Amino acid sequence: EHEIVRVQLSERSYDIQIGSAILSSAPEFFAARTKISHAIVITDESVQPLYADSIVAACATAGMRTTLISVPAGETSKSIAMADRLWNESLAGGADRKSVVIAVGGGVIGDLAGFIAATFARGLAFFQVPTTLLAQVDSSVGGKVGINLPAAKNMVGAFWQPQGVLIDVDVLKTLPEREYRAGLAEVVKYGVILDADFFAYLEANVAAIRERDKNVLTRVIARCCQLKADVVQTDERETTGLRAVLNYGHTFCHAFEATCGYGELLHGEAVSIGMLCASRLAESLQRITSDVTERQFNLLTELGLPTATPQVDIEPVMAAMQRDKKVEHGKLQFVLPIRLGNVELVGGVSNDLAKTAIIDGQ
Ligand code: NAD
Ligand code: ZN
């Protein structure tokens with residue numbers, strides 16, 4: 001049992017296949033989409049023994065020559081130093097213009113391996129095998145790849161679409177509980193911004209989601225991929241502004257991430273708190289009634305996500321928000337709900353209202 005989401009882009013389309021027990025069919029999935037003589041499999045040191053080794057072995061059995069490259073787990077691997085290492089190890093492994101890059105790991109690996117695919121020999125074909133919930137519902141869809149500069153996240157990169165994405169929900173069994181829950185914040189986000197029925201489905205299936213039920217997860221992840229694909233298709237290169245809806249909760253989120261000290265909050269945890277700030281802000285602007293915030297609060301709480309604003313000084317948070325790329329002429333802009341399943345970009349928001357929305361959550 002699996003589902004397929006087709007991502008239709010102006011130049012070509014590709015499939016995201018989602019299901020249980022489909023990792024073993026990875027070589028067939030790749031071979032059906034690209035002729036592979038040499039595969040560069042990029043992973044991290046935690047994911048390698050869990051999943052990448054077996055994919056490499058299966059590819060070898062299928063007659064593909066493979067080069068496995070494993071980097072330390074964590075955000076610090078998204079660096080120019082690591083890209084330099086991967087370019088050189090790919091070359092030493094015999095890579096050429098016909099080689100194919102396969103990313104096996106979370107969002108860090110997807111972004112880094114995708115960046116190598118986009119740049120090595122002016123661009124190689126690329127597959128994603130995302131292994132965190134965040135990567136399965138967010139970072140593996142949309143074609144953004146890249147690395148960090150010391151002073152700015154995701155500052156160097158490209159739009160580079162994969163040939164296919166293979167999502168096996170079984171890999172989530174080994175994901176640490178906190179990482180799993182953090183990914184659920186982005187899942188809830190899709191319901192709020194685009195699909196009230198999906199939000200209700202999440203509410204009705206909290207227990208199964210917490211137990212990582214494979215059938216429910218297949219449906220949930222497929223729906224998220226479809227919703228993100230629909231947005232990406234209308235704004236492939238983030239030029240029309242339509243992709244902005246995906247940033248619901250993220251202006252607050254980024255400000256908390258920047259001020260709470262590295263590692264204090266996982267991205268998804270900051271998204272959870274940020275969505276509630278945005279929702280309270282929408283209430284204070286009389287765009288929604290309090291029940292819309294309450295339903296998000298209750299669902300996020302039941303899924304085990306934090307909902308309270310962290311106990312930090314407010315001024316550094318406000319300063320971080322002013323540095324957000326959505327600020328226009330010094331006025332804050334936010335993606336705000338108009339009802340469950342629908343959001344709008346709202347400009348000209350006063351600092352005071354934003355501040356109140358943060359403090360009211362403390
Ligand atoms: P990550 O890749 O660091 O993975 C989190 C941790 O989980 C790592 O330690 C990893 O080794 C471990 N792990 C991965 N899969 C596992 C599994 N199945 N079982 C056990 N452990 C496993 O982090 P992430 O949260 O997946 O991704 C975050 C990155 O994604 C950030 O760099 C962010 O910028 C990027 N991102 C990109 C996009 C995009 O559109 N390209 C969107 C959102 C986020
Ligand atoms: Zn996010």
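The values are calculated or read from the model by the stated rules, or taken from the named source; none is laboratory data. Since we're looking at a predicted model, the values are computed, not measured. Using ideal geometry, Cβ is built from the backbone for each residue, glycine included, and neighbour counts are taken over all protein chains shown. Surface areas here come from the heavy atoms of the whole protein model, side chains and all, with no ligands, DNA or RNA. Shrake-Rupley method; radii C 1.70, N 1.55, O 1.52, S 1.80 Å.
Listing for the model above:
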read-out	value
Within region 1-40: backbone nitrogen closer than 13 Å to the T61 label point (7 Å, Cα to C-beta)	23-28
Heavy-atom accessible surface of the chain: percent carbon and sulfur, 1.4 Å	51 percent
Span from the region 119-192 Cα centroid across to the region 238-289 one, whole angstrom	19 Å
Per residue value of the accessible surface for region 2-173 (all protein chains in place, 1.4 Å probe), Å²	40 Å²
Calculated over region 177-359: convex hull of Cα atoms, volume per residue (Å³)	110 Å³
Simple spin-label estimate for E344 and L9 in nanometres, 7 Å along Cα-Cβ	3.2 nm
For region 200-225 versus region 77-91, the gap between their alpha-carbon centres in whole angstrom	36 Å
Average projected area [Cα convex hull, region 277-333], square nanometres	5.0 nm²
Distance in nm between pseudo-label sites at S290 and R85 (7 Å out along the Cβ direction from Cα)	5.3 nm
Local net charge near P310, Cβ-Cβ under 12 Å (Lys/Arg +1, Asp/Glu -1)	-4
Region 2-173: C-alpha gyration tensor shape, a/c 1.5 cut-off, then a/b vs b/c	rounded
Over region 1-66, volume per residue of the alpha carbon convex hull, in Å³	110 Å³
Solvent-accessible area per residue for region 225-361 (1.4 angstrom probe, square angstrom)	45 Å²
q = 0.12, 0.21 Å⁻¹, region 201-282: log10 I(q)/I(0) [Debye, one scatterer per Cα]	-0.50, -1.11
Value at 222 nm in deg cm²/dmol, rounded to 500, when DSSP H runs of n ≥ 4 in the chain each add -39,500 (n - 2.57)	-13000 deg cm²/dmol
Unit Cα scatterers, Debye sum, region 246-317: log10 I(q)/I(0) for q = 0.21 Å⁻¹	-0.89
Distance in nm between pseudo-label sites at D53 and K98 (7 Å out along the Cβ direction from Cα)	3.1 nm
The chain: antiparallel DSSP beta bridges as a percent of all, rounded to 5	45 percent
The chain: projected area of the alpha-carbon convex hull, averaged over directions, in nm²	16.6 nm²
Theoretical gain in end-to-end length, T239 to Q322 [0.36 nm per residue, Cα-Cα removed]	27.7 nm
Loop-resident sites, region 1-50, for trypsin sites (Lys or Arg not before Pro), counting at most 13 other Cβ within 10 Å (DSSP)	R12, K35
